[in-house]
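Nothing in this text is a laboratory measurement; each read-out follows from the coordinates by a stated rule. Predicted model, so just to flag it, every value in this text is computed and none were measured. A quick note on method: Cβ atoms are made from the backbone with ideal geometry, for glycine too, and the neighbour counts reach across all protein chains shown.
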Amino acid sequence: MTEAKANATVAAVRGTSDLAVHMEGVNKWYGAFHALNNVNLEVSRGERIVICGPSGSGKSTLIRCINQLEVIQQGRIVVDNHDLTAGGKNVDLVRQETGMVFQSFNLFPHMTVLENCTLAPMKVRGISKVEAEKTARRFLERVRIPEQAEKYPAQLSGGQQQRVAIARALCMNPKIMLFDEPTSALDPEMVKEVLDTMIDLAKEGMTMLCVTHEMGFARQVADRVIFMDRGEILEMGPPDTFFDNPKNERLKNFLGQIS
Amino acid sequence: MTEAKANATVAAVRGTSDLAVHMEGVNKWYGAFHALNNVNLEVSRGERIVICGPSGSGKSTLIRCINQLEVIQQGRIVVDNHDLTAGGKNVDLVRQETGMVFQSFNLFPHMTVLENCTLAPMKVRGISKVEAEKTARRFLERVRIPEQAEKYPAQLSGGQQQRVAIARALCMNPKIMLFDEPTSALDPEMVKEVLDTMIDLAKEGMTMLCVTHEMGFARQVADRVIFMDRGEILEMGPPDTFFDNPKNERLKNFLGQIS
Amino acid sequence: QTVETIKSAGTIKIGMMVDFPPFGIMNTSNEPDGYDADVAKLLGTEWGVKVQIVPVTGPNRIPYLQSNQVDLLVASLGITEERAKNVDFSQPYAGISIGVFGASDTKVSKPEDLSGKTIGVARASTQDTAVTKVAPKDAKIQRFDDDASAVQALLSGQVELIGVSNVVATQIEQAAPGRFDQKLQLSQQVQGIAVRKGSAELLTAVNAFVEKAKADGELNKIHEKWLGSPLPDFVAKK
Amino acid sequence: MYTFNFEPVLAGFDKLLIGALVTVQLSCAAMVIGLIVSILCAAGKTSRVAPLRWVIDAYIEIIRNTPFLVQIFFIFFGLPALGIRLSPNSAALVALVVNFGAYGTEIIRAGIESIQKGQIEAGTALGLSKLKIFRYIIMKPALRTVYPALTSQFIYLMLTSSVVSAISADDLAAAGNDLQSATFASFEVYIVITAMYLVMSIGFSAVFSMIEKVAFRYPLSR
Amino acid sequence: MLIRPFGWNEFLIIVMAAQWTIALSAIAFAGGGVGGLLIALARVSDARWPRLLATGFIRIFQGTPLLMQLFLVFFGMNILGFAINPWIAAAVALTLHASAFLGEIWRGCIEAIPPGQREAATALGLRYVNRMRYIILPQASRIAVAPTVGFLVQLIKGTSLAAIIGFTELTRQGQIINNATFSPFMVFGTVAAVYFVLCWPLSLLARRMEVKFSRSTTR
Ligand SMILES: Nc1ncnc2c1ncn2[C@@H]1O[C@H](COP(=O)(O)OP(=O)(O)OP(=O)(O)O)[C@@H](O)[C@H]1O
Ligand SMILES: Nc1ncnc2c1ncn2[C@@H]1O[C@H](COP(=O)(O)OP(=O)(O)OP(=O)(O)O)[C@@H](O)[C@H]1O
Ligand SMILES: [Mg+2]
Ligand SMILES: [Mg+2]
């Protein structure tokens, strides 16, 4: 930690920039296990990034560091001009400005869809209930399930639950959206409805980082695709070159397996 | 039940036949919910059937009726000339002649891979331990993980676990193999190794019924593909016509969603 | 059950309390001892049988007798009318006087003064009966499982007064010299050996034993030993 | 052969009913207060302040590994030495609360641990503070998963409360003991109060399942 | 003259009384183990009657105080003309009591085994006895260790109620000594300490097993 802080100071203050996310020399260990190995990544505002790689390669770890669900041991992460490694209030600010969608939805089972969407705006931002519900209904409309507002998560299909999770994140008005395999817990026929929602979001210019194996989606919306293995970023580039002209051996192998 | 028995009697005894599975007017309810609606299906020996359809359409229910993990309320099921609806010893015989592979592997966590494979042959067929282990090792070889025999399931990857599950079923020398979404709990890069194992099996002429959404696999090995929705079989045919020339509206819709 | 069957069996089972000093205690070698124990042993010697002492408690001693777990109770059982409906009593073999005790500065001189006071007693004991009889309605009687708890309640100030026998009172004096004194003398309570209802023949034999023990001074000796005084008149005479 | 005679029991039945009422009141009050104690202690056990965790651990271990009777003796006879004098019924209540609190803490802690990590992560990612996550996200589902354990612990508490007669509290067991010492109809009294305890525990089970239906209406996923 | 001080001798007497506590606990646990298994199996049975009977059994014995059960078994049997010695009475009552609780605990453990395990065993052709013997019970017994040991602690403390039928075990011995010494804090402090020494290692063991189990499942 002290080292990370020292780094942060050395790297000096750059002033506001166009970068949504800036990662520099990031290293993370779980005990002795090196989960992220010198990761460097710059994401511009409005950029859409897709991350892929084999299981255990550190994809989840990478995006979970961005809103500090995981703490890094070395390096520097700046999100929307808030230096996370400097600690303090910044972590709270970053969490309010990033929305996250998980593989397993993680809706709150004891709250209705509407309550799921209004909890954080009310308790974190202090917005009134009426106001919060208005916003929530707007976003539920946008993910095309306005009629499910009063239901409980368990009464929805997986695809519907994931769309609620997206709406819930959007209700906080985030500047960046993080997705961790949002479709891989879904039945095949529900994958499309969730991907469509994400494509809509991308079209509206949301900054997105998305871990996924849906290569069709990557080709369609990604500005850049990243391949990770054993905690390292091994290849990174626009979808065309990434898929049709992979350079890295392990990536070639990986693409062979998943298609 | 009485009705089912009456049916069975009416349908008269056909003598041994070439049919591996014969389902006739099968109806099943969970409480008030109609899970299988007048299902008729004949599977010849050596035939490979793939079943697909949206979630909750009754695919699992259908194949679980074949070894009577679920009991039907109406209709008749004959497996390898044993009339299940007649009850008695037949159920035990059928279970011994069918192997089943589940979505969630269901290996026994407190037994090694080898013990998983030898338990049923020893306790059900009364085969000696030495004999059972020899057979088990042969099948572990065939699914290409002979070196994992002494490990516990928790020490294996998902793909390896599923291959053990296949080997375990094969150790009982089944005449029919039932698969219930064998790859849908797997990480994408492990799907292929399990599908390859299944393709090998298919090539050796095993009678197979397989619920899966892997359409590549279906095209490659299926003799017939079946589409189910709301407990009914809506379309059934060889892969080419099934995928390229679907007649049923719901099937068209479904194929549009999953590709 | 008759004396004959007991004698031919060679042992007699006698229930006694072991938490009621000095009538029943466990001595330092953890054997039942005390006035009741000596009386029981004397009876055994008299009848030429072995005595098996069964420890009982205040609340369960009568069930023990009724359910044939013991042949006799030598369990400091005060002779009362209510009890006499359920068991048959011998003539008295012991007696205690019951009084109300309290802190020296508590003013009580007649039963009416108990009004509004809290009084601790051992549940189902003779003291319980005696205090309940005289106490005015608004006195609060708190019933504990045994005398020790009642005494502890007094010592810790949880109750203002307790109803106990003179014997226990001596012990309180030992434990807290000068702090407490007797407020009221309630009754003199005689205690009997109890047999199951309808065992007339056995009762006669027990009575004969008690009479003999009184006459030849054995009972007196035991009383001297445990209570430091001769058998009181109200027991001896009756 | 013993002949049963329930007449004296019936004559004193009103006293038994009053005793039963005291038992119900004591148990219910002990549960409500004990539940609050449990929740606070369970939350305290997740705290980063180590001494707080140690104190809570010591409390739990001491209570769970010593008999209730001894606990109640110390509270009734021992506390006056510290200047705290409680009436028998309040001492009984305090003892029951202390006892239920220790078991309840363990139960609720298990409930909290059963909450999937993803729930907490989702709350964190939304920017909610730890306290708010506990209050709004963890609390209710945690209580729901351990609800059966809590209710059976409560029934156990109610049955255990029969011991409070030892410090002259006037619960059902005390009423029964008084009645039997007055009438010596021991078996009759015991049979009747045993039946009364049974009725109370079945009654409570019924009430609890009603509460469950109202309080935890949200459906569980399959 | 009669109150004696609380000394080493009294301390030893109390400590020695723990042997009865241990003996009663052992009997209860052995009896409850067998009874509890039967109750648990009956509770998860497919057949209606065993299920109903087991449920009724549990209702009654979890719904009434152990004190009353002991009293009614001991005195009740004798009154009805079945001479019964206190050991048998204690064994019967404690066994009934422990069976109800262990049965309920173990049912939970059996039901915690994912249904897929039973289905996989069934699909392999294993029948009821083999399924239970080789698949369900071995797995259930692992998760059962912690709550079972936890209940054992409860049981050890519960045996103090056997005083009502004449056992001079730990608590009762304490009361007796207290009546001879009038030093309740020493006496009950000792009693509490002895219980603590008996129970705490078990509680620790239960906690350790619980942690171990939760680790092995979260992996
Ligand atoms: N809390 C943790 N403690 C220890 N090791 C961990 C922890 N979380 C993750 N790991 C390890 O770190 C590595 C990277 O994990 P991560 O979840 O980032 O992988 P991933 O690329 O998201 O894989 P998947 O596709 O399976 O989700 C894995 O090997 C994992 O075992
Ligand atoms: N034990 C049960 N009790 C009640 N309803 C059940 C039960 N099992 C299944 N069902 C219902 O029966 C229907 C068919 O279930 P089934 O598992 O066969 O569907 P499926 O086609 O296999 O779906 P999936 O793709 O999700 O596995 C579903 O609606 C399900 O909710
Ligand atoms: Mg991941
Ligand atoms: Mg299914």
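Here are some notes:
- From most to least packed by mean Cβ count within 10 Å, the peptides E:100-109, D:52-61, A:214-223 give E:100-109, A:214-223, D:52-61.
- Near the amide H of residue C:106, within less than 5 Å, lie no amide hydrogens of residues on another chain or at least 5 residues away, with H placed in the peptide plane.
- Normalised alpha carbon radius of gyration of the range A:19-91 [divisor 2.2 N^0.38 Å]: 1.06
- Solvent-free Debye scattering, log10 I(q)/I(0), computed from the Cα coordinates of the protein assembly as shown at q = 0.06, 0.09 Å⁻¹: -0.68, -1.11
- Other copies of residue A:130: label-to-label distances in nm, shortest first, labels 7 Å along the beta-carbon direction: 8.6
- DSSP finds beta bridges in chain B, and of those with both partners inside it, around 55 percent are antiparallel.
- Average projected area [Cα convex hull, the range E:97-219], square nanometres: 9.9 nm²
- Kirkwood-type radius of the range B:52-171, with distances r between different C-alpha atoms, in Å: 15.7 Å
- Counting, for every residue in B:106-115, the Cβ atoms of other protein chains within 10 Å of its Cβ and taking the mean gives 4.
- One way to sum up the overall shape of the range D:8-215 is the equivalent ellipsoid from its Cα gyration tensor, whose semi-axes run 37, 21, 11 Å, largest first.
- GNM flexibility winner over chain D from D:109, D:135, D:144 (Cα, springs under 10 Å): D:135
- Candidates D:162, D:201, D:114: whichever shows maximal mean-square fluctuation once chain D is modelled as a Gaussian network with Cα springs under 10 Å: D:114
- Averaging 1/r across all pairs of distinct Cα atoms in chain A and inverting the result yields a Kirkwood radius of 19.0 Å.
- Computed over chain C: relative contact order in percent, which uses C-alpha pairs under 8 Å that are six or more apart: 26 percent
- Under 5 Å between amide hydrogens, built in the peptide plane, is the criterion, and for residue C:77 it picks out C:192 among residues at least 5 positions away or on other chains.
- For the range A:63-72, 3J(HN,Hα) per residue [Karplus equation, 6.51 cos²θ - 1.76 cosθ + 1.60, θ = phi - 60°, Hz, x = Gly/Pro]: 6, 6, 6, 5, 10, 6, 6, 10, 9, 8
- Helix content alone sets the calculated 222 nm mean residue ellipticity of chain C: runs of n ≥ 4 DSSP H residues at -39500 (n - 2.57) each, divided across all residues, give -10500 deg cm²/dmol.
- For D:127-138, mean number of other protein chain Cβ atoms within 10 Å: 4
- Scaling against 2.2 N^0.38 Å puts the C-alpha radius of gyration of chain E at 1.23.
- GNM result for chain D, Cα springs below 10 Å: residue of D:31, D:158, D:200 fluctuating most strongly: D:200
- A cut-off of 5 Å between modelled amide H atoms, ignoring neighbours fewer than 5 places along the same chain, links residue C:54 with C:14, C:15, C:16.
- C-alpha center-to-center spacing [the range E:157-180, the range D:24-71] in angstrom: 27 Å
- When only Cα pairs below 8 angstrom with a gap of at least 6 residues are kept, the range E:8-217 shows a relative contact order of 31 percent.
- Highest average packing first - C:195-204, B:91-100, Cβ atoms within 10 Å: B:91-100, C:195-204
- Summed over qualifying helices (DSSP H, 4 residues or more, each -39500 (n - 2.57)) and divided by its residue number, chain D shows a 222 nm mean residue ellipticity of -24000 deg cm²/dmol.
- The listed peptides D:65-74, C:9-18, C:45-54, ordered by packing as a protection proxy, come out as D:65-74, C:9-18, C:45-54 (highest mean of other Cβ atoms within 10 Å first).
- Peptide C:22-30 has a mean of 5 when you count, residue by residue, the C-beta atoms of other protein chains within 10 Å of its C-beta.
- Computed over the range B:164-252, Cα set: Rg, Dmax in Å: 13.9, 42
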